[in-house]
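Notes for the one structure printed next.
Quick note: the coordinates plus some simple rules give every number you see, no bench work behind them. Here the structure is a predicted model, which is why all the values come from computation and not from measurement. Cβ atoms come from the backbone with ideal geometry, glycine included; neighbour counts cover every protein chain shown.
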Amino acid sequence: MYAAPPSVEARVFATIPERFNKSGTNRWIDVQLRGAPAPVFLEGPAFDRDGNLWVVDIPWGRLFKLSPDGQVECALEYEGNPNGLAFHRDGRLFIADAVKGIITYDPKSGAMKTVIDNVLLQPLRGVNDLTFASNGDLYFTDQGQSGLHDPTGRVFRLRADGRLECLMNNVPSPNGLVLNPAETILYLAVTRDNAVWRLPLPDDGLVTKVGVFIQLSGGMGPDGLAMGEDGGIVICHTGLGSVWHFSPLGEPALRIRAPNHGHHTTNCAFGGPDGRRLFITEGPNILCADLPVRGNTLFSHL
């Protein structure tokens, strides 16, 4: 439908040092990667107020913290499968964990707490990613093993006052999600549909007129999303080894390719001194590329 956009190659910002590599397998690796080796598998990048980049290591229940110059430390290791991260304005880190649900971690005290691990006494399917609105509302996806064969993935909103609302319950693999700058639209990566859906958010809280905003092809489908200050959307296309930048109208503007034929472009976050640098998780690597737009209201929720 559109001509191919300009293409650039990302560069490696940092690689998790080999001393942190794990050997063997576990249930997550057996199910999600069909037993393929995964000494480190990164996802969920998020910046703290000091400019440190946090990422998760899903199969091994670890959170890595990278300084602005790329120095790596393992900040947390626990029994779980962390997938997505988002910082609250009070400095706590909210974690979407496929096993434990939504949990918090306080980097200062080391305290961890479960926020949500069930809905109406029923277990979550497997939460995947999360994002905050400026008013403190938390949006998160409950993906599990849903797909076109079983379109029962869910999208939730946890109000700042503690009310939990199910916005959608018929999604074939809901994954990354991001709000537009006006916070009137929630964009949702639907991995098994290979598409990004558009969810209008009326004032009364009801979701109607949901539709496909961008239809992709190839790879495994969209994973993590990021929002530019102009309303353009950045999409990590896992399996294809690419990250797409689309205009606010959904027109392709830029393709960012992973170096060395890397395919696991899972998630991304804007950062850097001017907020124009995009950081991308890919296997054991954190890649980066400079974009012509800033990330939307960087650190606005902190």
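Which loop-located GluC sites (Glu not before Pro) does the stretch 1-99 contain, where loop means any DSSP state but H, G, I, E or B and the Cβ has at most 10 other Cβ atoms within 10 Å? List each step's numbers first, then the result.
Numbers: sites: Glu9, Glu18, Glu43, Glu73, Glu77, Glu79; in loops: Glu79.
Of the GluC sites (Glu not before Pro), the ones in loops of the stretch 1-99 whose Cβ has at most 10 other Cβ atoms within 10 Å are Glu79.
Within the set of other residues whose C-beta is less than 13 Å from the C-beta of Arg294, count the net charge using Lys and Arg as +1 and Asp and Glu as -1. If you can, show how the numbers build up before the last one.
Details: positive: Arg276, Arg277; negative: Glu229, Asp230, Asp274, Asp290.
Residues close to Arg294 contribute a combined charge of -2.
Enumerate lysine pairs in the chain that are 8 or more residues apart or on different chains, then count those whose Cα atoms are under 22 Å apart.
Values: Lys22/Lys65; Lys22/Lys100; Lys65/Lys100; Lys65/Lys108; Lys65/Lys113; Lys100/Lys108; Lys100/Lys113.
Summing the qualifying lysine pairs gives 7.
Rg (Å, one decimal) plus Dmax (Å, integer) for the alpha carbons of the stretch 224-302?
11.8, 36
Find, among the chymotrypsin sites (Phe, Trp or Tyr not before Pro) in the stretch 1-104, those assigned to loop by DSSP (not H, G, I, E, B) with at most 13 other beta-carbon atoms within 10 angstrom. Mind showing how you got there, number by number?
Working: sites: Tyr2, Phe13, Phe20, Trp28, Phe41, Phe47, Trp54, Trp60, Phe64, Tyr78, Phe87, Phe94; in loops: Tyr2, Phe41, Tyr78.
The qualifying sites are Tyr2.
Can you tell me the equivalent ellipsoid semi-axes for the stretch 43-113? Use √(5λ) from the Cα gyration tensor, largest first, whole Å. Before the final figure, lay out the partial values.
Values: eigenvalues 61, 39, 21 Å².
Its equivalent ellipsoid spans semi-axes of 17, 14, 10 Å.
The list (1) 18.3, 62; (2) 19.5, 57; (3) 17.5, 52 gives values of Rg and Dmax of the Cα atoms in Å, and only one came from this structure; which label was calculated from it?
(3)
Taking the number of other C-beta atoms within 10 Å as the exposure measure, put His149, His237 in order starting with the fewest. Working shown, then result.
On the way: His149 8, His237 26.
The order, fewest Cβ neighbours first, is His149, His237.
With label points built 7 Å along Cα→Cβ from the Cα atoms of Met1 and Asp90, find their separation and express it in nm.
Each label point lies 7 Å from its Cα, and together they span 4.3 nm.
What net charge do the residues around Asn260 carry, taking every other residue with its C-beta under 15 Å from that of Asn260, with Lys and Arg at +1 and Asp and Glu at -1?
Details: positive: Arg11, Arg257; negative: Glu9, Glu282.
Here the charged neighbours net out to 0.
Calculated from DSSP H runs of 4 or more alone, at -39500 (n - 2.57) each and per residue, what is the 222 nm mean residue ellipticity of the chain, nearest 500? Show your work: numbers first, answer last.
Working: 1 runs with 6 residues, N = 302.
One gets -500 deg cm²/dmol as the mean residue ellipticity at 222 nm.
Suppose we take every Cα in the stretch 1-132 and form the convex hull; what volume per residue is that in Å³? Please report the intermediate quantities before stating the final value.
Details: hull volume 24.2 nm³, N = 132.
Per-residue hull volume (Cα only) is 183 Å³.
Considering the stretch 82-152, what Rg and Dmax in Å follow from its alpha-carbon atoms?
According to the Cα coordinates of the stretch 82-152, Rg and Dmax are 12.8, 43 Å.
Grab the other residues whose beta carbon is less than 12 angstrom from that of Gly283, score K and R as +1, D and E as -1, and report the net.
Values: positive: none; negative: Glu43, Asp57, Glu282.
Net of charged neighbours comes to -3.
Counting only residues 5 or more places away or on other chains, whose amide H sits under 5 Å from the amide H of Val293 once H atoms are built in the peptide plane?
Those lying under 5 Å, H to H, from Val293: there are none.
Could you compute the longest span of the chain free of trypsin sites (Lys or Arg not before Pro) located in DSSP loops and having at most 14 other Cβ atoms within 10 Å, not counting the site residues?
Values: sites that count: Arg34, Arg49, Arg89, Lys108, Arg159, Arg163, Lys209.
Result, exposed sites excluded: 210-302.
Quick one: go through the stretch 125-156 and flag any residue whose amide nitrogen is under 19 Å from the point 7 Å out along the Cα-to-Cβ line of Leu206.
155-156
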